[in-house]
1. Distance between Cα centroids, the range 8-32 to the range 60-99: provide it in whole Å.
2. Using a 10 Å cut-off on Cβ atoms, rank the peptides 46-58, 132-144 from the highest mean neighbour count down.
Amino acid sequence: MILPNFNDFPRAGRILGVDWGARRTGVAVSDASREFVFTRPAILSGRGMPSIAQQIAGIATDENVVGIVIGLPLHMDGNSSETTDAVRACATELSGYTDLPICFIDETLTSYAAQDEMGRVRVSDIKRGLDSESARIILENAIAVIRRLK
């Protein structure tokens, strides 16, 4: 079920963070206390592979999470883009594979922050790790929002 905001999102338990991408989707998961967030290998999409939504649902089951947070790419002025529509479509498909609550959070500038935090590394390392680092930041931001709602 896709929630309009974090008001009804579970207050305890592990959460899955997602940074959707057409080719590579970053994934991160929190521990049960939500004190720590860990990156996971990015999900790859392509012919003959399960859809991104199916793969996210599988990871959610494997990681025993209570909710999913998906970064929503918006323009700097807050308006939607074609990518925003693709992310929402993925979330709608995902809601057909899981009963977990799904919530969006603005992901503006998370890729820049992730790359900055990765520091000076090889381009191949950036490509391999950037998406899941972005998912980590998305998830950390969501946890901060949820904590403020207590």
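1. 10 Å
2. Ranking the peptides 46-58, 132-144 by packing returns 132-144, 46-58.
Every number here is computed from the coordinates shown, using simple stated rules; none is lab data. Only a predicted model underlies this, so the values are computations on that prediction, with no experimental measurement involved. Don't worry about glycine lacking a Cβ; one is built from the backbone with ideal geometry, like all the others, and counts go over all protein chains shown.
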